[in-house]
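The values are calculated or read from the model by the stated rules, or taken from the named source; none is laboratory data. Note that this is a predicted model, so its numbers are computed, not measured. Here Cβ is always computed from backbone atoms with ideal geometry, including for glycine, and neighbour counts include all displayed protein chains. Heads up: the accessible areas ignore ligands, DNA and RNA and are worked out on the full protein's heavy atoms, side chains in. Shrake-Rupley method; radii C 1.70, N 1.55, O 1.52, S 1.80 Å.
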Amino acid sequence: MTTSAGAQTQAAPAGGQPQEQAPQKMTIAKALNAGMRRAMEADPKVVLLGEDIGKLGGVFRITEGLQKDFGEDRVLDTPLAESGIMGTAVGLALRGYRPVVEIQFDGFVYPAFDQIVSQVAKMHYRSLGHLKLPMVIRIPYGGGIGAVEHHSESNEAYFAHTAGLRVVTAATAEDAYWMMQQAIASDDPVVFYEPKRRYHERGEILLGERAPYGLHDAVVRTQGTDVTLLAYGPMVKTAMIAAQAAETEGRSVEVIDLRSLSPLDVPTILQSVEKTGRAVVVHEAQTYLGMGSELAALIQQEAFYHLEAPVIRVGGYNIPYPPSRHEEVFLPDLDRILDAVDRSLAY
Amino acid sequence: MSDDVVAPVDTAAPATHEPPARDITDGGPDMVQFLDAEGHRVPVTEVNSPYAQYLEDVDGEMLRSLYRDLVLVRRVDAEGHALQRQGELGLWPSLLGQEAAQVGAGRAMRPQDYAFPGYREHGVAWCKGVDPVNLLGMFRGVNHGGWDSNENNFHLYTIVIGNQMLHATGYAMGVQKDGLVGTGDPDRDTAVMAFTGDGGTAQGDYNEALVFSAVAQSPVVFYVQNNHWAISEPNDRQFIIPPYQRARGFGIPGVRVDGNDVLASLAVTRAALDRARGGQGPTLIEAFTYRMGAHTTSDDPTKYRIAAEVDLWKKKDPIDRLRKHLVAEGLGDDEWFGAIDAEADDLAQRIRTACQQMPNPPHEEMFENVYVDEHPLVTRERDEFAAYQASFEED
Ligand SMILES: Cc1ncc(C[n+]2csc(CCOP(=O)(O)OP(=O)(O)O)c2C)c(N)n1
Ligand SMILES: [Mg+2]
């Protein structure tokens, strides 16, 4: 095992010592890679499993170079079988390893659904805490890339619905880098959603510093006073652009990046909604029983007397993910978000 | 069957920079072949003799029409690739190198036989009479398949690896229940074919399909195109015992055929379909072939495989060998080959024009067919969507 290639491209110091350094600019894709690399350097028990993650570096190149540097023992190109990948990851975790599993695309997690829901989520509970499954399930997710069927889904609600799983998603390069390490360090299983259409967005990271936020913190991305926009993953950028556009029309929109879908950072969400009195939830997933439903229920229950308007959901329509020529109107965009902001303000 | 083929497959898999340590184009002594890479008819051997009867009707005309199919199918594929490169399609999975495996299988099927393809079976679609233009819709993003499977007994492409193996098995169980096996009437007895790749053999659904079909003795033929790669993973990442040998463990006869030999692919598939239609149960065919191109237009194979490997397989080209054979037999001259190429040009032109003219579906259409019967939520959202869209037109 060598780490030399990593040392050239990243300045991540061993042991996480603070280092005064200029922030580095990198893409979300590279930041995920750097986060995994650093976790692998820090802990020899961290192993990666998935289809095409070795020589190819994954179809999105998120694991690029890791097999070369850490060896085939730690970066495994598995047979093509998601239930197999997930089930063997459970076994590896039971044996003391920290598997990081790559599901090639959102729509291919379903063969592993049984293992995730029946075993991964419940092992700690049913063993009365004797057994831990410190694994990370990475899922590139969401649409907007013009792909064929099964390559654009947002299935986070299935897993957020399942007790025993932590579910997070990174919207910035900085989060990608830090949240990946935090997820790997978690002793609970973490489903880690990666917004694939944002893989090539760049952001600044202080590689040597401590993580700026906890894994389950929500973060206010844009301050505002009139309406709270709750978004996560690929929709954070869209929501921030919407907030800017609203600003030019004299509306002050606060954008919260949820980052964690289970658990939710309830205090941060409520603090904002209590201030603005209005909330709009945005996600790519179909709205029916989606994250927006949970957030709407939470907000009406906990902040009822602060509300000036009902919580509005903006999401995918309740149809299967459509052929890609429809996706620009299927997915929430600037206009649909602004329309929802207007409707909220109209109350 | 020699020890050689029982030994782990491709353990001497190529290092990135060196040519393969052994000839990975060699399918071993069990592989059924009728036409070698030079276009010579292979003498009758113990291995191919059981299948020789299935080529008895193959005369000059038939050879020529097989050649024509191979050339046209390759052209359909090249056009799909070109259309993707020009931005008309979002993606194209090329069948380059697998034409004979697919045409052999497709031509063995009778109209009543049903095919369950993966996503690369453009050649089977062609033989089943599906207009190649129909295949483009899903890769252009205007539909998810969209053709009526029952028109040609060719199911929609299935992208989730392995799913269709079980569908084929169940469909075959239905055929069985309908009493359409073993009647002795060649126009009624029906079989089903399920297509997947070498990678697909690792998937749970694939293995369950073999179990179910063996237990039910259903009339299904599993057709594994072993093109040696599952995106970047070679055979030795998917299995130790090759698929045709593994079949026996499920209680299903397995046979490896030279997938670059259209005659062998035809004969072996005909035999398996006959067994199925006759009520003798499933068969697994492993077509030994090679993916000459990238996995899809999104893939870059230089990341994981060496050019030397591709060069070796070039010498086994399925079309070259049949062409050589036709020439040697005096069945094709330059004029005839030229005419086939001209027909391919016309076909390509027709596909290109149809693709370019394929309209974007009106967006309201995305709300259709979610359910058979009306669903209030979908109806409401469709109406809201229409009103929302109209609000822009008013502005
Ligand atoms: C369940 C599932 N997992 C992953 C994928 C992504 N994927 C598409 S094709 C492919 C490799 C398939 O290899 P093989 O079965 O050999 O067929 P080939 O593409 O070579 O024809 C993979 C991993 C998928 N489509 N479905
Ligand atoms: Mg393959």
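Whenever you get a sec, compute what percent of the accessible area on the stretch A:44-184 sits on carbon and sulfur atoms (1.4 Å probe). Each step should come with its number before you reach the end.
Details: 2670 of 4810 Å².
Its accessible area is 56 percent carbon and sulfur atoms.
Run the simple label-point estimate for A:V220 and B:A386 please: 7 Å along Cα→C-beta, distance reported in nm.
About 4.4 nm separates the two model spin labels.
Can you tell me the 0 to 90 degree angle between the C-alpha axis of helix A:266-276 and the longest principal axis of chain A, rounded to 10?
Between the helix axis and the principal axis of chain A, the angle is about 20 degrees.
Summarise the accessible area of the stretch A:242-347 (1.4 Å probe, protein heavy atoms) by the percent that is carbon and sulfur.
Numbers: 2100 of 4380 Å².
Carbon and sulfur atoms account for 48 percent of the accessible area of the stretch A:242-347.
Running Debye on chain B with equal point scatterers at the Cα sites and no solvent, what base-10 log of I(q)/I(0) appears at q = 0.08, 0.11, 0.12 Å⁻¹?
-0.44, -0.81, -0.95
Compute the angle between helix B:262-277 and the longest alpha-carbon principal axis of chain B, please, reported from 0 to 90 degrees and rounded to the nearest 10.
70
Are there any residues in the stretch A:306-335 with a reduction of at least 50 Å² in accessible surface when going from the isolated chain to the assembly of protein chains? Probe 1.4 Å, please list them by number.
For the stretch A:306-335, once contacts with the other chains are taken into account, A:Y317, A:N318, A:I319, A:P323, A:R325, A:H326, A:V329 lose 50 Å² or more.
Probe 1.4 Å, all protein chains in place: accessible area of B:R246 in Å², nearest 10?
Accessible surface of B:R246 is approximately 60 Å².
Give me the accessible area per residue for the protein assembly as shown, probe 1.4 Å, as a whole number in Å².
Working: 29680 Å² over 742 residues.
It amounts to 40 Å² per residue over the protein assembly as shown.
Run the helix sum for chain A: -39,500 (n - 2.57) per DSSP H stretch of 4+ residues, divided by residue count, reported at 222 nm to the nearest 500 deg cm²/dmol. The partial results should precede the final answer.
Values: 12 runs with 114 residues, N = 347.
Helices in chain A give a 222 nm mean residue ellipticity of -9500 deg cm²/dmol.
Could you give me the ³J(HN,Hα) list for the stretch B:196-204, computed from phi with Karplus coefficients 6.51, -1.76, 1.60 and θ = phi - 60°, whole Hz, x at Gly and Pro?
8, x, 4, x, x, 5, 7, 6, x
Over the stretch A:248-312, what relative contact order in percent results from Cα pairs under 8 Å that are six or more residues apart?
Numbers: 46 pairs, mean separation 23.4, N = 65.
For the stretch A:248-312, the relative contact order is 36 percent.
Shielding of A:78-88 by partners, i.e. mean partner chain Cβ atoms within 10 Å per residue? Let's see the in-between values first.
Working: counts 4, 9, 16, 12, 5, 3, 3, 0, 0, 1, 0.
Per-residue shielding by partner chains comes out at 5.
For the Cα atoms of chain B, what angle does the longest principal axis make with the long axis of helix B:318-328, in degrees from 0 to 90, nearest 10?
50
State, as an integer percentage, the relative contact order of the stretch B:147-282 based on alpha-carbon contacts under 8 Å between residues 6 or more apart. Let's see the in-between values first.
Values: 202 pairs, mean separation 37.6, N = 136.
Computed over the stretch B:147-282, the figure is 28 percent.
Using a 1.4 Å probe over the heavy atoms of the protein chains, calculate the carbon and sulfur portion of the accessible area of the stretch B:207-251 as a whole percent. Could you put the intermediate results ahead of the total?
Details: 870 of 1420 Å².
That share works out to 61 percent.
Do you know which residues of the stretch A:50-75 lose at least 30 square angstrom of accessible area in the protein assembly compared with their chain on its own, with a 1.4 angstrom probe?
Residues losing area: A:D52, A:K55, A:L56, A:R61.
Can you pull out the buried accessible area for chains B and A, both sides counted, probe 1.4 Å, rounded to the nearest 100 Å²?
The contact between A and B buries close to 3500 Å².
Return the sequence-ordered ³J(HN,Hα) values of the stretch B:348-356 in whole Hz as given by the Karplus equation 6.51 cos²θ - 1.76 cosθ + 1.60 applied to θ = phi - 60°, using x for Gly and Pro.
4, 4, 5, 5, 4, 5, 4, 5, 4
Taking 10 Å² as the minimum loss, tell me which residues in the stretch B:150-172 lose that much accessible area going from the chain by itself to the full protein complex (1.4 Å probe).
The answer is B:I159, B:V160, B:I161.
What lysines does A:K25 reach when the alpha-carbon gap must be under 30 Å and sequence neighbours fewer than 8 apart in one chain are set aside?
A:K45, A:K55, A:K68, A:K196, A:K237, B:K303
For B:K315, which lysines qualify as cross-link partners when the Cα separation must be under 18 Å and same-chain residues fewer than eight apart are set aside?
B:K324
Give me the inter-chain shielding for B:370-383: mean count of other chain Cβ atoms within 10 Å, whole number please.
Across the residues of B:370-383, the mean count of other-chain Cβ atoms within 10 Å is 2.
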